[in-house]
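The values are calculated or read from the model by the stated rules, or taken from the named source; none is laboratory data. Model, not experiment: these values are computed from the prediction. Ideal geometry is used to build each Cβ from the backbone, glycine not excepted, and the neighbour counts take in all protein chains shown. These accessible areas exclude ligands, DNA and RNA; they are computed on the full protein's heavy atoms, side chains included. Shrake-Rupley method; radii C 1.70, N 1.55, O 1.52, S 1.80 Å.
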Amino acid sequence: AESVPYKASYCCSFMDEDACMFEDATVLKDDAKRKCRVHGQNCELPDRVDAFGAGFSCTSYSMLNKNASENATAMTKSVNQDPSGNVASVTTFHGCLDVLDECSPVWAVFENVESIDREVDDDTQTNLELCLAAIADRGYASQSFLLDALWFGLPQSRRRVYIVCLSIRDRNVGCSAEDFLSNVQSIITKLYLQSPPADKFLLPDTHALVKGHLRSLEADRQQRLAKEQEQDTSKAHPKNPSWMALHMNVAEKRGITWPLNVCKQVKESPWFRVLTERAQEVVGFASDERERLGKPVDYADVYHSASRYSTGRGNFPIVLPRTIGWTFLRQRLVLGRELMMFQGHSVSADCDLTEAQLGNMAGNAFAGNVVIAVVTAVLGSLRFVSESEDEETNSILDLVNTVTG
(Lines give C-alpha, C1' and ligand atoms only; values in the text may rest on other atoms or scores of the structure.)
Protein backbone atom coordinates (compact mmCIF):
# COMPACT_ATOMS: atom_id res chain seq x y z
CA ALA A 1 0.00 0.00 0.00
CA GLU A 2 1.17 3.54 -0.76
CA SER A 3 -0.77 6.78 -0.23
CA VAL A 4 1.43 9.14 -2.31
CA PRO A 5 0.39 8.89 -5.99
CA TYR A 6 3.81 9.30 -7.67
CA LYS A 7 5.42 6.80 -5.29
CA ALA A 8 2.59 4.34 -5.88
CA SER A 9 2.91 4.76 -9.64
CA TYR A 10 6.66 4.11 -9.49
CA CYS A 11 6.17 0.97 -7.39
CA CYS A 12 3.41 -0.27 -9.70
CA SER A 13 5.83 -0.16 -12.65
CA PHE A 14 7.68 -3.12 -11.08
CA MET A 15 4.57 -5.16 -10.24
CA ASP A 16 2.67 -7.86 -12.12
CA GLU A 17 -0.52 -6.70 -13.82
CA ASP A 18 -2.73 -8.72 -11.48
CA ALA A 19 -1.03 -7.41 -8.33
CA CYS A 20 -2.81 -4.82 -6.18
CA MET A 21 -1.57 -1.47 -4.89
CA PHE A 22 -3.88 -0.29 -2.12
CA GLU A 23 -4.20 3.41 -1.35
CA ASP A 24 -4.35 3.23 2.43
CA ALA A 25 -2.64 0.66 4.64
CA THR A 26 -4.76 1.67 7.63
CA VAL A 27 -8.05 0.37 6.17
CA LEU A 28 -7.00 -2.96 4.69
CA LYS A 29 -9.50 -4.75 6.94
CA ASP A 30 -12.42 -2.62 5.73
CA ASP A 31 -14.05 -4.06 2.59
CA ALA A 32 -15.75 -0.74 1.84
CA LYS A 33 -12.56 1.38 1.98
CA ARG A 34 -9.88 -0.97 0.63
CA LYS A 35 -9.40 0.79 -2.72
CA CYS A 36 -6.83 -0.54 -5.20
CA ARG A 37 -4.98 1.96 -7.41
CA VAL A 38 -4.31 -0.64 -10.10
CA HIS A 39 -7.83 -1.95 -10.59
CA GLY A 40 -9.84 1.09 -9.52
CA GLN A 41 -12.01 -0.89 -7.15
CA ASN A 42 -12.06 -2.39 -3.67
CA CYS A 43 -10.04 -5.55 -4.21
CA GLU A 44 -10.02 -8.51 -1.85
CA LEU A 45 -7.12 -9.43 0.38
CA PRO A 46 -5.87 -12.99 -0.17
CA ASP A 47 -6.81 -15.49 2.52
CA ARG A 48 -3.19 -16.58 2.80
CA VAL A 49 0.20 -15.32 1.69
CA ASP A 50 3.67 -16.83 2.04
CA ALA A 51 5.43 -13.65 3.10
CA PHE A 52 4.72 -10.07 4.14
CA GLY A 53 7.05 -7.07 4.39
CA ALA A 54 6.26 -3.54 5.53
CA GLY A 55 7.64 -0.35 6.99
CA PHE A 56 5.08 1.37 9.20
CA SER A 57 5.20 5.10 9.92
CA CYS A 58 7.99 6.39 12.15
CA THR A 59 6.48 9.88 12.50
CA SER A 60 5.67 9.63 16.19
CA TYR A 61 9.17 8.77 17.36
CA SER A 62 11.55 9.72 14.56
CA MET A 63 14.35 12.00 15.75
CA LEU A 64 13.41 14.34 12.87
CA ASN A 65 10.10 14.99 14.64
CA LYS A 66 10.53 17.87 17.08
CA ASN A 67 7.68 16.46 19.16
CA ALA A 68 9.00 12.89 19.15
CA SER A 69 9.89 13.06 22.83
CA GLU A 70 6.22 13.65 23.60
CA ASN A 71 5.33 10.49 21.68
CA ALA A 72 8.12 8.30 23.03
CA THR A 73 5.50 5.68 23.86
CA ALA A 74 3.13 6.36 20.97
CA MET A 75 2.15 2.71 20.79
CA THR A 76 0.72 2.77 24.32
CA LYS A 77 -2.04 5.00 23.00
CA SER A 78 -3.53 2.04 21.19
CA VAL A 79 -1.69 -1.16 20.38
CA ASN A 80 -4.25 -3.77 21.26
CA GLN A 81 -7.39 -1.82 20.47
CA ASP A 82 -8.67 0.14 17.48
CA PRO A 83 -6.57 3.32 17.14
CA SER A 84 -8.60 6.41 17.87
CA GLY A 85 -5.98 9.11 18.26
CA ASN A 86 -5.04 9.11 14.58
CA VAL A 87 -1.37 8.69 15.46
CA ALA A 88 0.32 7.72 12.18
CA SER A 89 2.76 5.28 13.74
CA VAL A 90 -0.11 3.50 15.49
CA THR A 91 -2.59 3.41 12.62
CA THR A 92 -0.09 2.11 10.09
CA PHE A 93 1.19 -0.50 12.54
CA HIS A 94 -2.40 -1.63 13.00
CA GLY A 95 -2.58 -1.97 9.22
CA CYS A 96 0.36 -4.37 9.43
CA LEU A 97 -1.35 -6.32 12.20
CA ASP A 98 -4.47 -6.54 10.03
CA VAL A 99 -2.46 -8.32 7.34
CA LEU A 100 -1.19 -10.81 9.91
CA ASP A 101 -4.79 -11.39 11.01
CA GLU A 102 -6.35 -11.62 7.55
CA CYS A 103 -3.62 -13.23 5.41
CA SER A 104 -1.68 -15.43 7.87
CA PRO A 105 1.77 -15.10 6.25
CA VAL A 106 4.31 -17.81 7.07
CA TRP A 107 6.87 -15.12 7.81
CA ALA A 108 7.04 -11.34 7.89
CA VAL A 109 9.60 -8.55 8.11
CA PHE A 110 8.91 -5.05 9.46
CA GLU A 111 11.26 -2.05 9.34
CA ASN A 112 11.42 1.15 11.35
CA VAL A 113 13.82 3.74 12.76
CA GLU A 114 16.32 3.04 15.52
CA SER A 115 14.50 5.33 17.95
CA ILE A 116 11.51 2.96 18.02
CA ASP A 117 13.46 1.27 20.82
CA ARG A 118 14.23 4.47 22.73
CA GLU A 119 13.80 4.02 26.48
CA VAL A 120 11.74 6.55 28.41
CA ASP A 121 12.30 5.15 31.88
CA ASP A 122 12.84 1.80 33.59
CA ASP A 123 9.12 1.23 34.12
CA THR A 124 7.83 1.99 30.61
CA GLN A 125 7.94 -0.39 27.67
CA THR A 126 9.51 0.97 24.50
CA ASN A 127 7.51 1.22 21.29
CA LEU A 128 9.48 -1.75 19.95
CA GLU A 129 8.60 -3.91 22.95
CA LEU A 130 4.94 -3.03 22.51
CA CYS A 131 5.10 -3.92 18.82
CA LEU A 132 6.75 -7.27 19.54
CA ALA A 133 4.07 -8.06 22.12
CA ALA A 134 1.27 -7.26 19.66
CA ILE A 135 2.92 -9.46 17.03
CA ALA A 136 3.28 -12.31 19.53
CA ASP A 137 -0.45 -12.05 20.33
CA ARG A 138 -1.10 -12.98 16.71
CA GLY A 139 0.84 -16.21 16.88
CA TYR A 140 4.27 -15.10 15.69
CA ALA A 141 7.70 -15.51 17.20
CA SER A 142 9.86 -12.50 16.41
CA GLN A 143 13.24 -10.93 16.96
CA SER A 144 14.50 -7.43 16.23
CA PHE A 145 17.81 -6.72 14.51
CA LEU A 146 19.52 -3.33 14.45
CA LEU A 147 21.22 -3.18 11.04
CA ASP A 148 23.19 -0.42 9.32
CA ALA A 149 23.15 0.08 5.54
CA LEU A 150 26.89 0.72 5.81
CA TRP A 151 27.37 -2.95 6.76
CA PHE A 152 25.83 -4.12 3.49
CA GLY A 153 27.73 -2.24 0.81
CA LEU A 154 25.86 1.09 0.86
CA PRO A 155 27.70 4.41 1.41
CA GLN A 156 25.63 5.81 4.29
CA SER A 157 25.21 5.09 7.97
CA ARG A 158 21.49 4.31 8.07
CA ARG A 159 20.65 2.33 11.19
CA ARG A 160 17.22 0.72 11.15
CA VAL A 161 15.39 -1.88 13.22
CA TYR A 162 14.21 -4.96 11.30
CA ILE A 163 11.66 -7.23 12.97
CA VAL A 164 11.71 -10.81 11.62
CA CYS A 165 8.60 -12.87 12.39
CA LEU A 166 7.72 -16.55 11.96
CA SER A 167 4.28 -18.11 12.37
CA ILE A 168 4.24 -20.64 15.22
CA ARG A 169 0.76 -21.82 14.24
CA ASP A 170 1.55 -22.83 10.66
CA ARG A 171 1.70 -26.62 10.54
CA ASN A 172 3.87 -26.58 7.42
CA VAL A 173 6.78 -24.94 9.25
CA GLY A 174 9.25 -27.65 10.17
CA CYS A 175 11.66 -25.76 12.39
CA SER A 176 11.46 -24.27 15.84
CA ALA A 177 11.18 -20.51 16.14
CA GLU A 178 14.36 -20.48 18.23
CA ASP A 179 16.38 -22.32 15.55
CA PHE A 180 14.88 -20.18 12.79
CA LEU A 181 15.71 -16.83 14.42
CA SER A 182 19.17 -18.04 15.46
CA ASN A 183 19.94 -19.07 11.87
CA VAL A 184 18.61 -15.75 10.54
CA GLN A 185 21.02 -13.88 12.79
CA SER A 186 23.92 -16.13 11.80
CA ILE A 187 23.30 -15.74 8.05
CA ILE A 188 22.85 -11.96 8.27
CA THR A 189 26.28 -11.53 9.85
CA LYS A 190 27.82 -13.59 7.04
CA LEU A 191 26.40 -11.20 4.45
CA TYR A 192 28.24 -8.09 5.66
CA LEU A 193 29.86 -6.26 2.75
CA GLN A 194 32.26 -3.33 2.92
CA SER A 195 30.88 -0.27 1.19
CA PRO A 196 32.77 1.57 -1.54
CA PRO A 197 32.90 5.38 -1.15
CA ALA A 198 29.77 7.29 -2.16
CA ASP A 199 31.59 8.90 -5.08
CA LYS A 200 31.57 5.51 -6.84
CA PHE A 201 27.77 5.69 -6.95
CA LEU A 202 27.61 9.10 -8.64
CA LEU A 203 27.06 9.71 -12.33
CA PRO A 204 29.83 11.44 -14.30
CA ASP A 205 29.50 15.22 -14.14
CA THR A 206 29.28 15.25 -17.92
CA HIS A 207 26.32 12.84 -17.98
CA ALA A 208 23.26 14.17 -19.79
CA LEU A 209 21.06 13.66 -16.72
CA VAL A 210 23.44 15.69 -14.54
CA LYS A 211 23.67 18.53 -17.06
CA GLY A 212 19.93 18.44 -17.61
CA HIS A 213 19.22 18.76 -13.91
CA LEU A 214 21.52 21.78 -13.64
CA ARG A 215 19.70 23.47 -16.53
CA SER A 216 16.39 22.79 -14.81
CA LEU A 217 17.63 24.31 -11.56
CA GLU A 218 18.99 27.35 -13.39
CA ALA A 219 15.61 27.87 -15.01
CA ASP A 220 13.91 27.56 -11.62
CA ARG A 221 16.30 30.15 -10.19
CA GLN A 222 15.55 32.60 -12.99
CA GLN A 223 11.83 32.20 -12.37
CA ARG A 224 12.36 32.70 -8.64
CA LEU A 225 14.36 35.89 -9.21
CA ALA A 226 11.83 37.24 -11.69
CA LYS A 227 9.00 36.62 -9.23
CA GLU A 228 10.90 38.43 -6.47
CA GLN A 229 11.48 41.42 -8.75
CA GLU A 230 7.80 41.60 -9.64
CA GLN A 231 6.71 41.75 -6.03
CA ASP A 232 5.85 45.10 -4.51
CA THR A 233 8.77 45.82 -2.19
CA SER A 234 6.42 47.30 0.38
CA LYS A 235 4.60 43.96 0.55
CA ALA A 236 7.57 41.71 0.12
CA HIS A 237 7.84 38.93 2.66
CA PRO A 238 10.70 39.43 5.14
CA LYS A 239 13.51 36.93 5.25
CA ASN A 240 12.85 33.95 7.46
CA PRO A 241 14.18 35.02 10.86
CA SER A 242 14.14 31.50 12.30
CA TRP A 243 16.81 29.93 10.10
CA MET A 244 18.88 33.13 9.94
CA ALA A 245 18.96 33.38 13.72
CA LEU A 246 19.81 29.70 13.97
CA HIS A 247 22.68 30.05 11.48
CA MET A 248 24.09 33.08 13.28
CA ASN A 249 23.95 31.14 16.54
CA VAL A 250 25.77 28.20 14.93
CA ALA A 251 28.44 30.56 13.58
CA GLU A 252 28.94 32.14 16.99
CA LYS A 253 29.34 28.76 18.68
CA ARG A 254 31.89 27.66 16.10
CA GLY A 255 33.83 30.91 16.17
CA ILE A 256 33.05 31.67 12.53
CA THR A 257 33.13 35.24 11.24
CA TRP A 258 29.73 36.39 9.97
CA PRO A 259 28.80 36.55 7.14
CA LEU A 260 30.21 33.21 6.07
CA ASN A 261 33.30 33.26 3.90
CA VAL A 262 32.67 30.47 1.36
CA CYS A 263 35.79 29.19 -0.39
CA LYS A 264 36.34 30.22 -4.01
CA GLN A 265 36.05 26.70 -5.43
CA VAL A 266 32.57 26.30 -3.99
CA LYS A 267 31.47 29.85 -4.82
CA GLU A 268 32.39 29.48 -8.48
CA SER A 269 30.37 26.30 -8.95
CA PRO A 270 27.27 26.88 -11.09
CA TRP A 271 25.48 24.43 -8.80
CA PHE A 272 26.16 26.67 -5.79
CA ARG A 273 24.56 29.63 -7.53
CA VAL A 274 21.25 27.82 -8.02
CA LEU A 275 20.88 27.09 -4.29
CA THR A 276 18.60 29.14 -2.07
CA GLU A 277 20.27 31.55 0.34
CA ARG A 278 19.66 29.20 3.24
CA ALA A 279 21.12 26.19 1.40
CA GLN A 280 24.17 28.23 0.38
CA GLU A 281 24.84 29.04 4.03
CA VAL A 282 24.57 25.36 5.02
CA VAL A 283 27.11 24.50 2.32
CA GLY A 284 29.22 27.34 3.72
CA PHE A 285 29.18 25.85 7.22
CA ALA A 286 30.28 22.45 5.93
CA SER A 287 32.90 24.12 3.73
CA ASP A 288 34.30 25.92 6.78
CA GLU A 289 34.64 22.61 8.62
CA ARG A 290 36.43 21.22 5.59
CA GLU A 291 38.71 24.14 4.74
CA ARG A 292 39.43 26.00 8.00
CA LEU A 293 39.34 23.07 10.40
CA GLY A 294 40.62 20.44 7.99
CA LYS A 295 37.82 17.96 8.69
CA PRO A 296 37.23 15.25 6.05
CA VAL A 297 33.78 16.55 5.05
CA ASP A 298 32.88 15.15 1.63
CA TYR A 299 29.08 15.42 1.71
CA ALA A 300 26.41 17.57 3.34
CA ASP A 301 22.63 17.47 3.60
CA VAL A 302 21.73 21.12 3.02
CA TYR A 303 18.03 20.68 3.77
CA HIS A 304 17.70 19.24 7.26
CA SER A 305 20.37 20.93 9.34
CA ALA A 306 23.36 23.25 9.38
CA SER A 307 25.35 20.39 10.90
CA ARG A 308 24.28 17.29 8.97
CA TYR A 309 27.37 16.29 7.04
CA SER A 310 29.72 13.33 6.78
CA THR A 311 33.10 13.28 8.49
CA GLY A 312 35.34 10.78 6.78
CA ARG A 313 35.41 7.48 4.90
CA GLY A 314 33.73 9.06 1.86
CA ASN A 315 30.21 8.25 3.07
CA PHE A 316 27.03 10.27 2.75
CA PRO A 317 25.59 11.29 6.17
CA ILE A 318 22.18 9.59 5.71
CA VAL A 319 19.43 9.71 3.08
CA LEU A 320 16.25 11.16 4.60
CA PRO A 321 12.98 12.40 3.11
CA ARG A 322 13.52 15.74 1.30
CA THR A 323 17.31 15.39 1.55
CA ILE A 324 19.25 17.81 -0.67
CA GLY A 325 22.77 16.46 -0.92
CA TRP A 326 25.94 18.38 -1.74
CA THR A 327 29.24 16.74 -2.71
CA PHE A 328 32.47 18.68 -2.16
CA LEU A 329 34.31 16.11 -4.28
CA ARG A 330 32.33 17.28 -7.32
CA GLN A 331 31.16 20.71 -6.09
CA ARG A 332 27.60 19.96 -7.10
CA LEU A 333 24.29 18.69 -5.84
CA VAL A 334 23.63 14.98 -5.55
CA LEU A 335 20.80 13.99 -7.88
CA GLY A 336 17.69 12.28 -6.55
CA ARG A 337 18.48 9.17 -8.58
CA GLU A 338 21.95 9.13 -6.99
CA LEU A 339 20.34 9.22 -3.54
CA MET A 340 18.31 6.22 -4.67
CA MET A 341 21.60 4.50 -5.53
CA PHE A 342 22.85 5.25 -2.01
CA GLN A 343 19.81 3.24 -0.91
CA GLY A 344 20.64 0.36 -3.24
CA HIS A 345 18.02 1.15 -5.92
CA SER A 346 18.91 1.88 -9.53
CA VAL A 347 16.68 4.19 -11.58
CA SER A 348 16.28 3.90 -15.33
CA ALA A 349 17.28 6.87 -17.47
CA ASP A 350 13.75 7.18 -18.86
CA CYS A 351 12.09 7.43 -15.43
CA ASP A 352 9.64 10.35 -15.60
CA LEU A 353 9.86 11.35 -11.92
CA THR A 354 11.68 14.57 -11.06
CA GLU A 355 14.97 14.48 -9.19
CA ALA A 356 13.19 16.02 -6.19
CA GLN A 357 10.58 13.24 -6.22
CA LEU A 358 13.26 10.57 -6.54
CA GLY A 359 15.21 12.12 -3.67
CA ASN A 360 12.15 12.23 -1.44
CA MET A 361 11.28 8.66 -2.33
CA ALA A 362 14.86 7.59 -1.53
CA GLY A 363 14.48 8.98 1.98
CA ASN A 364 11.38 6.85 2.57
CA ALA A 365 12.69 3.70 0.89
CA PHE A 366 14.11 0.60 2.49
CA ALA A 367 17.85 0.17 2.08
CA GLY A 368 17.72 -2.38 -0.73
CA ASN A 369 20.88 -4.28 0.15
CA VAL A 370 19.78 -4.71 3.75
CA VAL A 371 16.36 -6.02 2.74
CA ILE A 372 18.01 -8.51 0.36
CA ALA A 373 20.28 -9.69 3.18
CA VAL A 374 17.36 -10.12 5.60
CA VAL A 375 15.18 -11.97 3.07
CA THR A 376 18.12 -14.18 2.08
CA ALA A 377 18.66 -15.02 5.75
CA VAL A 378 14.97 -15.82 6.22
CA LEU A 379 14.76 -18.07 3.16
CA GLY A 380 17.98 -19.82 4.16
CA SER A 381 16.59 -20.52 7.62
CA LEU A 382 13.12 -21.80 6.74
CA ARG A 383 12.34 -25.49 7.06
CA PHE A 384 9.07 -27.13 6.05
CA VAL A 385 7.31 -30.34 7.03
CA SER A 386 7.58 -32.74 4.09
CA GLU A 387 7.65 -36.44 3.29
CA SER A 388 11.01 -36.29 1.55
CA GLU A 389 14.06 -34.09 1.13
CA ASP A 390 13.16 -33.51 -2.54
CA GLU A 391 9.69 -32.30 -1.57
CA GLU A 392 11.18 -29.90 0.97
CA THR A 393 13.63 -28.56 -1.61
CA ASN A 394 10.80 -27.99 -4.08
CA SER A 395 8.74 -26.21 -1.42
CA ILE A 396 11.61 -23.85 -0.67
CA LEU A 397 12.21 -23.18 -4.37
CA ASP A 398 8.51 -22.47 -4.89
CA LEU A 399 8.56 -20.00 -2.01
CA VAL A 400 11.72 -18.30 -3.30
CA ASN A 401 10.15 -17.95 -6.76
CA THR A 402 7.00 -16.52 -5.22
CA VAL A 403 8.92 -13.91 -3.23
CA THR A 404 11.42 -12.94 -5.91
CA GLY A 405 9.09 -13.15 -8.90
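Keeping all protein chains in the complex and leaving out DNA, RNA and ligands, what accessible area do you get for D350 with a 1.4 Å probe, in Å² to the nearest 10?
Roughly 130 Å² of D350 is accessible to a 1.4 Å probe.
For K267, list the aspartates and glutamates whose Cα falls under 17 Å from its own Cα; do not include residues on the same chain fewer than 8 positions away.
Leaving aside aspartates and glutamates fewer than 8 places away in the same chain, those within reach of K267 are E218, E277, E281, D288, E289, E291, D298.
Heavy atoms only, 1.4 Å probe, whole protein assembly: order R158, R313, R330, R48 by accessible area, highest first.
The ranking, largest first, comes out as R313, R48, R330, R158.
So what's the net charge close to G95: Lys and Arg +1, Asp and Glu -1, counting the other residues with Cβ under 11 Å from its Cβ?
-3
Quick one: grab the alpha carbon gyration tensor of the stretch 330-380, order the square roots of its eigenvalues as a ≥ b ≥ c, and give me rounded if a/c is under 1.5, else prolate or oblate depending on whether a/b is larger than b/c.
Prolate.
Restricting to DSSP H runs of at least four residues, report the calculated mean residue ellipticity at 222 nm for the chain, -39500 (n - 2.57) per run over all residues, nearest 500 deg cm²/dmol.
My calculation for the chain gives -12000 deg cm²/dmol from helical runs alone.
Looking at the chain as a GNM with Cα springs under 10 Å, which of F201, F316, F152 has the largest mean-square fluctuation?
Per the Cα network of the chain with a 10 Å cutoff, F201 tops the list.
Per residue, how large is the accessible surface of the stretch 76-232? Use a 1.4 angstrom probe and give square angstrom.
I get 51 Å² per residue for the stretch 76-232.
Provide the gained length on full extension for the span I396 to I372, in nm with one decimal, where the gain is 0.36 nm per separating residue minus the Cα-Cα distance.
7.0 nm
Here are some values of Cα extents along the principal axes in Å: (1) 52, 48, 46; (2) 75, 49, 43; (3) 70, 52, 45. Which one was computed from this structure?
Read-out taken from this structure: (2).
Quick check: net charge around Q280, other residues with Cβ under 12 Å of its Cβ, Lys/Arg +1 and Asp/Glu -1?
Result for the neighbourhood of Q280: +2.
Return the FRET efficiency for the residue pair K267, R138: r is the Cβ-Cβ distance, R0 is 60 Å, and the value is rounded to the nearest 0.05.
Between K267 and R138 the formula returns 0.55.
Quick one: which of 129-135, 265-271, 377-383 comes out on top by average Cβ neighbours within 10 Å, and what's the full order, highest first?
377-383, 129-135, 265-271
Taking the simple approach of a point 7 Å from Cα along Cα-to-Cβ for both N42 and N249, what is their distance in nm?
Label-label distance for N42 and N249, simple model: 5.0 nm.
Before anything else, pin down the relative contact order of the chain: Cα pairs under 8 Å, at least 6 apart, normalised by residue count, whole percent.
Relative contact order, the chain: 13 percent.
Report, in whole Å, the centroid distance computed from the Cα atoms of the stretch 90-127 and the stretch 265-317.
Taking the Cα centre of each part, the stretch 90-127 and the stretch 265-317 sit 36 Å apart.
Considering only protein heavy atoms and a probe of 1.4 Å, how much of the accessible area of the chain is carbon and sulfur, as a whole percent?
48
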